[in-house]
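Note sheet for the following structure.
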Amino acid sequence: MQNIDTHQNYDKTFKESLEIYKNGTLEFLDVALAGRITEILSTEFTEITTNKTFADLGFLLSTRMGTKMGVHYEMEVEISNEDVMRFASYNINMARKHGVPFLTVVLTTNPPKATEYVNPSMTFTPKIIYLHDKDGDKVLARIREQLANGEPINELEVIYLPFYGSKSGKTLYDFLDTAIKLTQQMTEDQHKRDKLQSLLILLCSRFAKEDAFKKVLEENRMVLAGNLAVKIFEEWGIEKGKAEGKAEGIAQATVAMLKEGINAQKIAQMLNQPVEWVENIQAQQIDTQTP
């Protein structure tokens, strides 16, 4: 197998695939107030990697009232108090960086253990969407009808289809298999098809068990021939990415809170990490800022 730079290629593949979001809407995720996506924003303060925070996205939207606002968007298997606090720090950083107010939307496949972060200075309440509440069978039937009738569909609905619930017992892997096959009908543009398939693969890998996930990829090897996202996971694997990513996600949250002036002891307590670990990250930040 050809050796690839996993981090670099993941980052490049994911960012290029985000073009699918442009000129789309998130209304099907109950984010109707946000309006139409006009720009994918930089999230350089949290690098996109194959880890707990790889699905962090930033959108600039034009609302129906003609004003600008941002959406900071996350996908998490489970949502803890520490996660909500991390989302709050990301929200503040996004607002400061881009100069517009931000709404944080968190998609999850499990009931959240926490829904807000409260301290004496602030209350942060993200919009949490429990994806299993959505009827995937109904959505799939509608998408197939639209395709059969030659009607336009929201491509993003196909991307999120694997995360929905199913009264007929379909799993994430069943919906992923179906969604991959649907991409063949959605466009004749191979470049665009690759982006749709890459987003499906990269987002689903966040929630998937490796053996079942790879089985779906293998069964669709002809459809996915040449797709870089497939090569990334053949090279690296999901579980390794998740394990390495958890530590990196916590480190990114630590850096964000240090920039907000929160002391090392408080950060260590909130993130359940040794004070020495936080102080080491703090020292690294000081070193990088020293001329």
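The values are calculated or read from the model by the stated rules, or taken from the named source; none is laboratory data. Being a predicted model, the structure only gives us computed values, none of them experimental. A quick note on method: Cβ atoms are made from the backbone with ideal geometry, for glycine too, and the neighbour counts reach across all protein chains shown. Each accessible area value is taken on the protein alone, full model and side chains, heavy atoms only, with ligands, DNA and RNA left out. Shrake-Rupley method; radii C 1.70, N 1.55, O 1.52, S 1.80 Å.
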When restricted to I79, I129, the only residue more than 15 Å from L29 (Cα to Cα), in contact (Cβ under 8 Å) with a residue 40 or more places away in the chain and either part of a helix (DSSP H, G or I) or under 16 Å from the mean Cα position of the chain (by Cα) (or both) is I79
Residue hits (segment 177-190; under 15 Å from L156 (Cβ atoms) and part of a helix (DSSP H, G or I)) are A179, L182, T183, M186
Just one listed residue, out of L258, L217, is under 24 Å from I159 (Cβ atoms) and either surrounded by 17 or more Cβ atoms within 10 Å (Cβ to Cβ) or at pLDDT below 65 (or both), and it is L217
Filter segment 90-104 for residues that are open to solvent by less than 10 Å² (accessible area, probe 1.4 Å) and not β-branched (V, I, T); the one that is nearest to Y117 (Cα to Cα) is Y90
Of those in segment 132-182 that are polar (S, T, N, Q), open to solvent by less than 40 Å² (accessible area, probe 1.4 Å) and touching a residue at least 24 places away in the same chain (Cβ under 8 Å), the residue nearest to F28 (Cα to Cα) is S166
Within segment 82-123, the residues that are within 29 Å of P162 (Cα to Cα), hydroxyl-bearing (S, T, Y) and part of a loop (DSSP other than H, G, I, E, B) are T109, T115
- Query: Does any residue of segment 68-75 turn out to be surrounded by fewer than 21 Cβ atoms within 10 Å (Cβ to Cβ), under 25 Å from C204 (Cβ atoms) and basic (K, R)?
  - Reply: no
> Does T125 satisfy the condition of being closer than 28 Å to K214 by Cβ and hydroxyl-bearing (S, T, Y)?
Replying inline: no
* To do: Go through the residues of segment 183-193 one by one and say whether even a single one is under 21 Å from E78 (Cα atoms), open to solvent by less than 10 Å² (accessible area, probe 1.4 Å) and among the polar types (S, T, N, Q).
  => no
Only one of (1) more than 22 Å from L41 (Cα to Cα); (2) open to solvent by 10 Å² or more (accessible area, probe 1.4 Å); (3) touching a strand residue (DSSP E or B) at 6+ places or on another chain (Cβ under 7 Å) does not apply to I79, and that is (2)
